[in-house]
């Protein structure tokens, strides 16, 4: 799967908190008041009550209200957002070269409340002193390019497409090339455009016509002289079968000139920025099963491996000054990261540093850059770094630039963290059981054994990332179990591909084995164990609670105590027809044209009658990734059958939910659900015991 495509899906997995402006519907309640009216009638409060605990959310949601940092080391400034009671605002600030940055001293760029629309980053255009950004109008992912004036903050839409995959500026900033997708259903027609930023003239260079070779999520990299660009192309509708294509901008009949062997499963593939030249380029691929760097030579028309990693790369950037050029790479594992500095000609290692944090390089220029860091036990931090050379040796020097203050961190950390592994149902080639990685986060102030609850992340778990939502749950006495079932990232391409074509199959059984592990090793009962997740994880939550035991002929089932699903899809076939990522459906689930019966059987909507545990569904009204009808239909059908469903919809929100009041209201919804729908089940279970 392409990294950007994966990132877009992963954005939905961190359910930070959401608001509600539509009616809340459950099988045993008649809605009498919209949640918009209800929320408006309440004075803003940061306090939520659960059982005998009172949790103050203010330090979590307002103690460090900054997010989505976009530093630009080359131009010496940074964009970022601040969420306030009045809205989510975009700020601009010059980057100091030393010391910590006062984020509250930034300049507010405009009065756009960005909780009402998507912002997917951008680049600074030196000649005009403006930003060229990707954004939408209403959180619906109709992504286009916009000019944003640095002086006034004014936003001007400059393209009108159904979806803009990516864009790139030429080295001299005189032109922009971008790939846009047209149409709302397969087959899409995606085209490469080039625009002269001085004259404004634009031309359509090449379209894929929805054929066997298609533009996909990728960066667009210019050659130094603007005579060609490099893009990623997908073959035969398979997200994993991709290629790098050179497109000659000077040709009267531009076409895809493929650099790599057609049909190779690269799993992840892309060019390393700033390496395209008339000699060749450096790219990364996971064709070996793990991410590695390769040098492509134009004259030889061949690739040479620069690395032999057995890990996944979080970052791989090219850094150069007048004296030296290097590749700085971050290898990320589920429990640590390593930073390596490599010779770009030979791949030889010049420096290596290990960190317990999950690291990523967010900007670099010359021999300086910015690294972001967090871990399951430590909140966000941003460091500046420089590469220093002396006597033939290279070292990285880091200093704190911004992050969650220590005193605040102490107030918002309420979990004990334990890294564990557990066996699942299948065995490896050596007959050893397959072991799955997981984190268990338990309250520092735990409830009594009969009152314990634990949320199991249904997908996109196991990551070494800080979650304020998990810490809030720990303060409330609710534990979180975060496993990495098959299909998860962090363990190589082969593990990530184990669920390809098996969506809703063995990945769900991995959850069952995780739940049994919690019973056997930690003494939880089935009624105390729930599942939660967003997007794919939202689907997995619904699927886990409606799972037919005969799936994959494994005769497996588990009676979870509850479920919390955000933006999940309930019908794979309708999801394929209405979503904006149908190629993901084909990769993960199968082809609806040839496997409709299988996809129908893998759909939670088909098995709603199996729902026994209470489930909370939440969804954004304007979601285009997973249209809101996917949750609506499941809730309606469950209600008709008298199943325990609670549904909350968010007006004006997309695949993720944003805004301070939305966040606060979301936690009220979740804790009300746990108190009113889950706790009574525990009492019944206790009486039955």
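The values are calculated or read from the model by the stated rules, or taken from the named source; none is laboratory data. If you're wondering where the values come from, they're calculated on a predicted model, not measured in any experiment. Every residue, glycine as well, gets a Cβ built from its backbone with ideal geometry; the counts of neighbours run over all protein chains shown.
Structure above, values below:
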{"item": "Near pairs, Cβ below 8 angstrom, 6+ apart or cross-chain, from segment 380-392 (more than 13 Å from residue 361 (Cβ to Cβ)) to any residue that is modelled with pLDDT of 95 or more and in a loop (DSSP other than H, G, I, E, B)", "result": "380/64; 380/404; 380/466; 381/357; 381/404; 388/367"}
{"item": "Answer from 134, 142 - the residue that is at pLDDT 95 or above, part of a strand (DSSP E or B), on the phi < 0 side of the Ramachandran plot and in contact with a strand residue (DSSP E or B) (Cβ under 9 Å, 6 or more places away or on another chain)", "result": "134"}
{"item": "Residue within segment 80-103 that is more than 20 Å from residue 363 (Cβ to Cβ), in contact with a strand residue (DSSP E or B) (Cβ under 6 Å, 6 or more places away or on another chain), assigned to a strand (DSSP E or B) and modelled with pLDDT of 95 or more present", "result": "yes"}
{"item": "Subset tally (residues that are over 24 Å from residue 239 (Cβ atoms), free of Cβ contacts under 8 Å to residues at least 60 places away in the same chain and either assigned by TED's automatic domain parsing to the domain that holds residue 225 or over 26 Å from the mean Cα position of the chain (by Cα) (or both)) for segment 274-333", "result": "19"}
{"item": "Evaluation of residue 77 against (1) at pLDDT below 95; (2) surrounded by 13 or more Cβ atoms within 10 Å (Cβ to Cβ); (3) out of contact with any helix residue (DSSP H, G or I) (no Cβ under 9 Å at 6 or more places or on another chain) (one fails), failing number", "result": "(1)"}
{"item": "Residues of segment 142-158 satisfying the condition of being closer than 26 Å to residue 272 by Cα and surrounded by 20 or more Cβ atoms within 10 Å (Cβ to Cβ)", "result": "143, 145, 146"}
{"item": "Any chance residue 377 is more than 24 Å from residue 311 (Cα to Cα) and in the same structural domain as residue 330 (by TED's automatic domain parsing)", "result": "no"}
{"item": "Filter result (surrounded by fewer than 13 Cβ atoms within 10 Å (Cβ to Cβ), in contact with a strand residue (DSSP E or B) (Cβ under 9 Å, 6 or more places away or on another chain) and in a loop (DSSP other than H, G, I, E, B)) within segment 393-431", "result": "428"}
{"item": "Only one of 168, 153, 210, 121 that is outside any loop (DSSP other than H, G, I, E, B) and at positive phi", "result": "121"}
{"item": "In segment 446-474, the residues that are within 13 Å of residue 53 (Cβ to Cβ) and without any contact (Cβ under 8 Å) to a residue 60 or more places away in the chain", "result": "446, 448, 473"}
{"item": "Positions within segment 444-470 being surrounded by fewer than 21 Cβ atoms within 10 Å (Cβ to Cβ) and in a helix (DSSP H, G or I), in sequence order", "result": "449, 450, 451, 469"}
{"item": "Entirely in segment 476-582, the helices (runs of 4 or more DSSP H) that have 1 or more residues that are in contact with a strand residue (DSSP E or B) (Cβ under 7 Å, 6 or more places away or on another chain) and within 30 Å of residue 313 (Cβ to Cβ)", "result": "506-522, 536-544"}
{"item": "Options 612, 651, 629; residue that is surrounded by fewer than 24 Cβ atoms within 10 Å (Cβ to Cβ), closer than 21 Å to residue 118 by Cβ and modelled with pLDDT of 95 or more", "result": "629"}
{"item": "Flag for residue 161 being assigned to a loop (DSSP other than H, G, I, E, B) and crowded, with 21+ Cβ neighbours inside 10 Å", "result": "no"}
{"item": "Which listed residue is under 29 Å from residue 559 (Cα atoms), surrounded by 18 or more Cβ atoms within 10 Å (Cβ to Cβ) and either touching a helix residue (DSSP H, G or I) at 6+ places or on another chain (Cβ under 9 Å) or in contact (Cβ under 8 Å) with a residue 12 or more places away in the chain (or both), from 682, 660, 641", "result": "682"}
{"item": "Boolean, residue 515 is in the same structural domain as residue 454 (by TED's automatic domain parsing), closer than 18 Å to residue 461 by Cβ and without any contact (Cβ under 8 Å) to a residue 60 or more places away in the chain", "result": "yes"}
{"item": "Residue identified as assigned by TED's automatic domain parsing to the domain that holds residue 505, closer than 19 Å to residue 505 by Cα and buried (at least 18 other Cβ atoms within 10 Å of the Cβ) among 441, 436", "result": "436"}
{"item": "Residue check for residue 590: surrounded by fewer than 23 Cβ atoms within 10 Å (Cβ to Cβ), assigned to a loop (DSSP other than H, G, I, E, B), at pLDDT below 95 and touching a helix residue (DSSP H, G or I) at 6+ places or on another chain (Cβ under 8 Å)", "result": "no"}
{"item": "Any chance residue 203 is surrounded by fewer than 18 Cβ atoms within 10 Å (Cβ to Cβ) and in a loop (DSSP other than H, G, I, E, B)", "result": "no"}
